[in-house]
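Inspection log for the structure reproduced underneath, given as structure tokens.
The values are calculated or read from the model by the stated rules, or taken from the named source; none is laboratory data. Predicted, not measured: the structure shown is a model, and the values here were computed from it. All Cβ positions, glycine included, derive from the backbone under ideal geometry; neighbour counts span all protein chains shown.
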Amino acid sequence: MRLIRRSAVLLLVGATLPAAAQDVPAKDTSSSLPTVTVTASRYARSLFETPLSVSRVIADQWRGGSGTGLDQALALVPGVLAQSRSGGSDIRLVIRGFGARGAGDRSNAGTSRGVRVLLDGIPETEPDGRTSFDGIDLAATTSIDVIRSNASAVYGNAAGGVVSVSTVPEFDRAYQRGEMAAGGFGLLRFALSGGIPFGDARVHWTATQSDFDGWRGNSGSTRSLLNAGLVSPLGDATRLGVALYVTHDQFFIPGPLTQAQVDADPSQANATYRARFERRDNRVGRLGFTLEHRLSASQDLNTMFFVQPKVLHRSERGTFRDFTRLHLGGSAVYLARSALSATVKGTFSAGVDMAGQDGSIQFYGLTAAGTRGTDLRDNKREGASNVGVFVSEDLALGEKFGISVGARYDDITYDYQSRINPRLNDVKSFTRVTPKLGLNYRVSLTQSLYASVGGGIEAPAGNETDPASTFGQDTVTALNPLLDAIRSTTYELGMRHLLARGEGLVRELSYDIAGYFTAVANEIVPYRGGRFYFTAGRVHRMGAELGVNARLAHGWHVTGALTTSRNTYEEYVVDSVHYGRPGKRADYAGNDVVGVPGLHFNGSLSWTPARARGMRVQLGVQKTGSYFADDANRITVPASTILSAGLHADRVIAMSGGIGVRGSLTVQNMTDRRYIASAFLNPDVVSNAPVAFEPGLPRQVILTFSLARAK
């Protein structure tokens, strides 16, 4: 190892019931119901009391893949579109249209927008709303909670959705586990993990090394990651958590192709990207502390602090860029539970979140070999901070009804400076109060109906605030004067239900249906392949989501996640100077929003024969509808249907010395279908041909194998 390395408006159809529900016994007991501990309410709460669309997935659902990207773990969460652009950790993540612009050029490779990502309760999302996935690996992940609702009233900036990843395992005895995955196109991956109890304390760690040659030119990647943690009581009323990771993540970027190039040879890289060896080389560490303290039988105070240094190197758009950044922050949340009357109980929460990131970027020339030149072209400082304060009250009215109300104030500030041309220096702030209101009706212990309305704020990300390098804009200011914060309001209805019969054809059935309508002002739109950004007027998004999870007799298991949506520009006029037509204007009102398919579906059918000693056969299908890559709706990304198959040994086969073994054989894209995995939005047009398309991975066979000493 090299480390010590995503149709109706208000009656609609949402996410698979958290996978924890799969293990609920036939007997209805409140103690077996899943809770959402770090996402929807920022405290432990039953899913059936939560008036938001929330899903949970656990590790058993993603075993058998390459394990490098969140796209594999989030495939069966409706409303979520997660795509790997070239087969590695470079994920494009979209939740109900939020995050769709996180593709293209200008530092977008390997990062997302509009979706807040947490790792063990600590934000991976930067203050400006960008998230990279350097520190997230499925080998170290135990569960993922996903809020598909607008959650800015809880989490602030870039919380159009929330993905909360947990790496904390549950164990009582020491354990060790080794895993290996090997597959086509040079995939080779190793993971070592373990845990040791020290009295009531628990220490755990995972070290991974992932290497992938890639199938397109200039698309290889390598990542080393060490993730470790400690959970320990400090007396009877306090619990300490420590979370640490260190990672080195390097991946090359093959870039977009024209349709003619895709037809001729989809494995080729964009010639310019190849010549420049466009890549990201990220070295990131993070140390975080959480402290949960019970002030009294009805009051808690939870605090968190983290520090995250980053050293980033990029070959991008003809320059070599050195980033040195320090991301740090913390939070404090106060909880008070009270009985307001014999039938009314309340949980009050109030808190503050603070985060800041600062550091320098040095721009150098790029040598013919793609390395850093000796000429310093620019030297910038990029500072960003985010301070948010929120209050919330959750009321339980008897055993059936619940009301949640709250609001949050956020201040996101950018401070950009040029050490070479100080007259570009600028400071800009975006502020917003985002309210929320939710109603929940609990039909039974395992069935609930909910409705909610919530506001949202999303400041433009750092690379979007930097003006374009054409027509002289960047000689005016270091911050794009055309951009304002995205403001949104989401209305939502939903129902979730868990049926555990134990006998008959259907042994267990869970489903979640949800519908939403989101009104967006100041939608940020990428132009010239993502080199330049400005603001559209108004956008409407509406969608229906359905998630189903059914365990049937004779070992059959069916899961599915269906999303249908309509995303349109309501007001949007653009000055076409950015297409080389000065003085012309284009009105795109009524057109589809770029980058968001109107339909996507993921399904899985598996069979575990009773006499097969834990062997499972699984078939999967992923359907992604067509969508437009440009605001004029002239460039279409075609629909695709991708099939997969797998043979899994789920039961641990005991060997001597207390060692157990299990494994899987998976064939991704088993029909070897050609498809487009992602696209640059409003791309460059060269000789009347849009350079937009990023081809998806062909057929890939993956073999996984693990050895473990039983817990």
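Going residue by residue through the range 251-261, is there one that turns out to be closer than 28 Å to HIS327 by Cβ and either in contact with a His (Cβ under 9 Å, 6 or more places away or on another chain) or surrounded by fewer than 18 Cβ atoms within 10 Å (Cβ to Cβ) (or both)? No, because not a single residue in the range 251-261 is closer than 28 Å to HIS327 by Cβ and either in contact with a His (Cβ under 9 Å, 6 or more places away or on another chain) or surrounded by fewer than 18 Cβ atoms within 10 Å (Cβ to Cβ) (or both). Does the range 50-57 contain any residue that is modelled with pLDDT of 85 or more, closer than 20 Å to LEU546 by Cα and either of a type in the set (D, E, K, R) or in contact with a Cys (Cβ under 9 Å, 6 or more places away or on another chain) (or both)? There is at least one residue in the range 50-57 that is modelled with pLDDT of 85 or more, closer than 20 Å to LEU546 by Cα and either of a type in the set (D, E, K, R) or in contact with a Cys (Cβ under 9 Å, 6 or more places away or on another chain) (or both). Checking ILE524, ILE513 one by one, the residue that is within 23 Å of the chain's Cα centre (by Cα) and at pLDDT 95 or above is ILE513 and no other. Would you be able to say whether some residue in the range 639-656 is among the β-branched types (Val, Ile, Thr), at pLDDT 95 or above and under 30 Å from ALA536 (Cβ atoms)? Looking through the range 639-656, none of the residues is among the β-branched types (Val, Ile, Thr), at pLDDT 95 or above and under 30 Å from ALA536 (Cβ atoms).
Just one of (1) surrounded by 16 or more Cβ atoms within 10 Å (Cβ to Cβ); (2) more than 18 Å from ASP128 (Cα to Cα); (3) at pLDDT 85 or above; (4) out of contact with any Gly (no Cβ under 7 Å at 6 or more places or on another chain) fails for LEU424. It is (3). Has the range 255-263 got any residue that is of a type in the set (Asp, Glu) and at pLDDT below 95? The answer is no; no qualifying residue exists. The set of residues in the range 397-429 being of a type outside the set (S, T, N, Q), assigned to a strand (DSSP E or B), touching a Ser or Thr at 6+ places or on another chain (Cβ under 8 Å) and within 17 Å of PRO51 (Cα to Cα) consists of LEU397, VAL405, GLY406, ALA407.
Is one or more of the residues making up the range 154-163 over 15 Å from the mean Cα position of the chain (by Cα) and surrounded by 19 or more Cβ atoms within 10 Å (Cβ to Cβ)?
So in the range 154-163, the residues over 15 Å from the mean Cα position of the chain (by Cα) come out as 154, 156.
Narrowing the set further to residues that are surrounded by 19 or more Cβ atoms within 10 Å (Cβ to Cβ) leaves 154, 156.
Taking every residue of the range 154-163 in turn, at least one turns out to be over 15 Å from the mean Cα position of the chain (by Cα) and surrounded by 19 or more Cβ atoms within 10 Å (Cβ to Cβ).
For the range 298-324, a residue qualifies if it is closer than 12 Å to ARG286 by Cα and crowded, with 17+ Cβ neighbours inside 10 Å, and the qualifying residues are PHE306, GLN308, LYS310. Candidates are the residues of the range 665-703 that are in contact with a strand residue (DSSP E or B) (Cβ under 8 Å, 6 or more places away or on another chain) and β-branched (Val, Ile, Thr); the one that is surrounded by the fewest Cβ atoms within 10 Å (Cβ to Cβ) is THR671.
Within the range 675-694, residues that are among the polar types (S, T, N, Q) reach partners that are in a strand (DSSP E or B) with beta carbons closer than 6 Å, at six or more positions or on different chains, in the pairs SER678/GLN83; SER678/ARG92; SER678/GLU694; ASN682/PRO526; ASN682/TYR527.
So which residues in the range 191-205 are farther than 11 Å from ALA140 by Cβ and touching a helix residue (DSSP H, G or I) at 6+ places or on another chain (Cβ under 6 Å)?
In the first step, residues of the range 191-205 are kept if they are farther than 11 Å from ALA140 by Cβ; the result is 194-203.
None - no residue of the range 191-205 is farther than 11 Å from ALA140 by Cβ and touching a helix residue (DSSP H, G or I) at 6+ places or on another chain (Cβ under 6 Å), so the list stays empty.
In the range 551-572, the residues that are assigned to a loop (DSSP other than H, G, I, E, B) reach residues that are buried (at least 19 other Cβ atoms within 10 Å of the Cβ) with C-beta atoms within less than 6 angstrom, at least six apart or across chains, in these pairs: TYR572/ALA536; TYR572/TYR588.
Does SER706 satisfy the condition of being surrounded by fewer than 21 Cβ atoms within 10 Å (Cβ to Cβ), assigned to a strand (DSSP E or B) and hydroxyl-bearing (Ser, Thr, Tyr)? Yes, satisfied. Only one of the numbered conditions (1) closer than 27 Å to ALA151 by Cα; (2) part of a strand (DSSP E or B) is violated by ARG381, and that is (1).
Pairs under 6 Å by beta carbon, first residue closer than 12 Å to PHE251 by Cβ in the range 268-279, partner assigned to a loop (DSSP other than H, G, I, E, B), six or more apart or different chains? These pairs meet every condition: PHE277/GLY370; GLU278/ILE253.
None of ARG280, ARG239 is of a type in the set (Lys, Arg), assigned to a strand (DSSP E or B) and crowded, with 22+ Cβ neighbours inside 10 Å except ARG280.
Tell me which residues, restricted to the range 293-324, are acidic (Asp, Glu) and within 26 Å of the chain's Cα centre (by Cα). Explain how you work it out, then say what you get.
Quick first cut of the range 293-324, residues acidic (Asp, Glu) only: 300, 316, 322.
Residues satisfying the conditions are GLU316, ASP322.
In this entry, ALA269 passes the filter for residues that are surrounded by 17 or more Cβ atoms within 10 Å (Cβ to Cβ) and farther than 26 Å from LYS380 by Cα.
With in a loop (DSSP other than H, G, I, E, B), modelled with pLDDT of 60 or more and over 15 Å from the mean Cα position of the chain (by Cα) as the only criterion, which of SER41, SER7 stands out? So that I can check it myself, show each step before the final result.
On the way: SER7 fails: modelled with pLDDT of 60 or more.
Testing whether each residue is in a loop (DSSP other than H, G, I, E, B), modelled with pLDDT of 60 or more and over 15 Å from the mean Cα position of the chain (by Cα) leaves just SER41.
PHE306 satisfies every condition listed in (1) in contact with a Gly (Cβ under 6 Å, 6 or more places away or on another chain); (2) over 29 Å from PHE185 (Cβ atoms); (3) assigned to a loop (DSSP other than H, G, I, E, B) except (3).
For residues in the range 224-236 being surrounded by 15 or more Cβ atoms within 10 Å (Cβ to Cβ) and touching a Leu at 6+ places or on another chain (Cβ under 6 Å), which is nearest to TRP205 (Cα to Cα)? Quick ask: steps written out before the conclusion?
Taking the range 224-236 as the starting set, the residues that turn out to be surrounded by 15 or more Cβ atoms within 10 Å (Cβ to Cβ) are 224-232.
Applying the additional criterion that residues be touching a Leu at 6+ places or on another chain (Cβ under 6 Å) yields 224, 226, 228, 232.
Details: SER224: 14, LEU226: 7, ALA228: 4, SER232: 15 Å.
Filtering first and then ranking leaves ALA228.
Would a scan of the range 378-387 turn up a residue that is surrounded by fewer than 20 Cβ atoms within 10 Å (Cβ to Cβ), of a type in the set (Lys, Arg) and within 28 Å of GLU458 (Cβ to Cβ)? Among the residues of the range 378-387, at least one is surrounded by fewer than 20 Cβ atoms within 10 Å (Cβ to Cβ), of a type in the set (Lys, Arg) and within 28 Å of GLU458 (Cβ to Cβ), which makes the answer yes.
Quick one: would you say LYS400 is farther than 21 Å from GLU464 by Cβ, more than 32 Å from the chain's Cα centre (by Cα) and surrounded by 15 or more Cβ atoms within 10 Å (Cβ to Cβ)? Against the criterion (farther than 21 Å from GLU464 by Cβ, more than 32 Å from the chain's Cα centre (by Cα) and surrounded by 15 or more Cβ atoms within 10 Å (Cβ to Cβ)), LYS400 does not qualify.
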